[in-house]
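Below is one structure, written out as C-alpha cells, with a few remarks after it.
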Amino acid sequence: MIRVLFVCLGNICRSPMAEAVLRHKAALRGLQGAIATDSAGTGNWHIGKPPHEGTLGQLKLHGISSEGLIARQMQAQDFEQFDYIVCMDDSNEQNLRRLQGGKDAEILKLMDLLPDEPLREVPDPYFTGNFEETYRLIDLGCEVLLDKIVSEKL
C-alpha cells in the first residue's frame with residue numbers, strides 16, 4: 001500500500017480537498033486498495049473539525065465524497081508512515097523539512113508537479129475565498145501525482 005499525506009496550514013481547506021480528490025481519482029482507476037490518502041495541518045487551530053464549507057462545496061460539486069475528513073496536526077511519526085508527503089506552499093514545505101529529521105518520506109510541493117502553471121503555491125482559499133481555483137490546481141496536481149505513483153511504485 002502506498003500512503004500519501006497532504007499538508008497545508010490548518011487542514012480544513014487545501015489538504016483535505018487534495019486527500020479526497022486523490023482518493024477519488026485512485027478509486028476511478030481501480031487503485032483504492034493500493035493507495036491510501038490522509039491530510040494534516042502544520043498548525044493546531046482546527047484539530048477535530050470538518051473541512052471548510054468552501055472545500056465541502058467544491059467536493060460535492062464534483063461528486064467527490066468528503067467522508068472521514070477531520071482536521072489533525074502533522075506528527076513526527078507521519079514521516080515514517082507515509083511514502084509521499086505533499087505540501088501546498090513554501091511555508092509548509094519549510095516546516096516539514098525542519099520536522100523531517102532524516103526520515104525517508106518524500107516531500108513534494110504540489111505545484112512542482114505542474115511546471116506549466118504560473119502559480120508556484122496552491123493559494124489558500126481560507127484567505128482568498130477562491131475555492132474554485134484551489135480545486136482546479138489540486139485536481140490537476142493529483143492527476144499528475146497519481147501518474148507519478150503508478151509509474152514509480154505500482
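We did not get these values from a lab; they are worked out from the coordinates using the rules stated. Bear in mind that the values here come from a model prediction, so they are computed numbers and not experimental data. Every residue, glycine among them, receives a Cβ derived from its backbone with ideal geometry; neighbour counts consider all protein chains shown.
With the cut-off at 1.5 for a/c, could you classify the stretch 2-153 from its C-alpha gyration tensor as rounded, prolate or oblate?
In terms of gyration-tensor shape, rounded.
Based only on other Cβ atoms within 10 Å, what is the fewest-to-most ordering of M74, M1, M17? Can you show the working numbers first?
Numbers: M74 24, M1 8, M17 34.
Exposure proxy ranking, most exposed first: M1, M74, M17.
Return the loop-located trypsin sites (Lys or Arg not before Pro) in the stretch 1-87 (DSSP other than H, G, I, E, B) with at most 14 other Cβ atoms within 10 Å of their own Cβ; answer none if there are none.
Working: sites: R3, R14, R23, K25, R29, K60, R72; in loops: R29, R72.
Of the trypsin sites (Lys or Arg not before Pro), the ones in loops of the stretch 1-87 whose Cβ has at most 14 other Cβ atoms within 10 Å are R29.
Which of the three applies to the stretch 23-87, rounded, prolate or oblate, going by the alpha-carbon gyration tensor with a ≥ b ≥ c and a/c under 1.5 meaning rounded?
Values: a/c = 2.61, a/b = 1.10, b/c = 2.37.
Note, shape of the stretch 23-87 comes out oblate.
If we count other beta carbons within 10 Å of each Cβ, what is the order of V4, V150, fewest first?
Ascending Cβ contact count within 10 Å gives the list V150, V4.
Among F131, F79, F6, which comes first, then next, by fewest other beta-carbon atoms within 10 Å?
F79, F131, F6
For the chain, set up a GNM with springs between Cα atoms under 10 Å and report which of A18, A40, A26 has the largest fluctuation.
Of the options given, A26 has the highest mean-square fluctuation.
Return a whole-number percent for the relative contact order of the chain, with Cα pairs under 8 Å and 6 or more residues apart as the contact set.
Relative contact order here is 27 percent.
Could you count how many Lys pairs in the chain have their Cα atoms under 20 Å apart, skipping same-chain pairs fewer than 8 positions apart?
8
Can you list which of the DSSP-assigned H helices in the chain have a Cα extent of 27 Å or more along the long axis and an average Kyte-Doolittle score of at least 0.0? Write down the numbers at each step before the final one.
Details: long enough: 131-153 (31 Å, 0.06).
For the chain, where a helix must reach 27 Å along its axis and average at least 0.0, the hits are 131-153.
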